[in-house]
Amino acid sequence: METGATTTGAARGGRGARERILRAAGELFYTRGIHATGVAALIEAAHVSPRTFYVHFPTKNALVEEYLRRFEGETPLFAETELERTDLPPVQRLLAVFAPIDGGPGAVIRGCPFHNAVVEGAGALPEIAQLAQRHKRAFRDRLVATAAEAGAADPEALGRQLAVLFEGANALAASCDDAEAFTDARHAAEALLDLALARQGGRRGAVPSE
């Protein structure tokens with residue numbers, strides 16, 4: 001996942017402080033983890049004073065919430081942008097969400113920021129958990145809608161099954177730091193799509209595997 005340009009070299013204080021704090025959070029929360037990233041590290045990375053930090057975000061939890069909300073608008077996750085593509089038919093859009101993300105040499109797979117935040121919260125951050133649940137349900141519903149557009153026999157069932165495959169691949173890839181989980185999930189998704197479309201009398205067509 002891309003987390004935005006580095007904050008290194010940004011001017012200290014002044015205009016754009018809130019944006020620099022959010023960019024620092026995007027980099028540090030995702031790569032280091034939320035609990036492992038203290039306010040002092042965020043302040044240093046964003047080049048702001050403690051006073052400026054707390055003017056924009058009275059608590060660290062408030063920053064965590066805003067960090068996650070950005071993925072719902074300004075910086076959507078890769079899989080979600082694939083579902084919105086207009087240059088691919090619906091079946092290929094469904095398969096595109098399983099493409100492994102190449103972070104470059106030495107990159108470590110971190111998985112889904114929403115999942116990571118809920119796990120780190122361990123039930124102590126209900127607002128974060130609710131935000132993540134809403135996001136996951138919305139993603140599942142988009143899969144269901146795309147499955148219906150593809151002509152699946154039971155788009156509700158297919159969309160939910162694809163959501164399970166995707167979330168499982170994301171978690172396994174992050175746990176093992178191995179993107180092969182996405183390839184395996186894509187093969188399973190292809191089988192599900194073939195079955196769902198065969199029931200409707202349609203065919204998925206030749207879609208090359210990654």
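Here is how the numbers come out for the structure above:
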quantity	calculated
Total residues in the range 149-188, condition surrounded by 18 or more Cβ atoms within 10 Å (Cβ to Cβ) and farther than 26 Å from Val119 by Cα	4
Conditions (1) surrounded by 13 or more Cβ atoms within 10 Å (Cβ to Cβ); (2) assigned to a loop (DSSP other than H, G, I, E, B); (3) among the polar types (S, T, N, Q): number failed by Thr146	(2)
Selection count where residues are over 23 Å from Ser175 (Cβ atoms) and assigned to a loop (DSSP other than H, G, I, E, B), scope the range 22-79	11
Failed item, numbered, when Thr8 is tested on (1) of a type in the set (Val, Ile, Thr); (2) part of a helix (DSSP H, G or I); (3) at pLDDT below 90	(2)
Count - residues of the range 13-40 that are hydrophobic (A, V, I, L, M, F, W, C), under 22 Å from Val118 (Cβ atoms) and surrounded by fewer than 18 Cβ atoms within 10 Å (Cβ to Cβ)	2
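The values are calculated or read from the model by the stated rules, or taken from the named source; none is laboratory data. What you are looking at is a predicted structure, and each value in this text was computed from that prediction instead of being measured. Note that each Cβ is placed from the backbone with ideal geometry, even for glycine, and that neighbours are counted across all protein chains shown.
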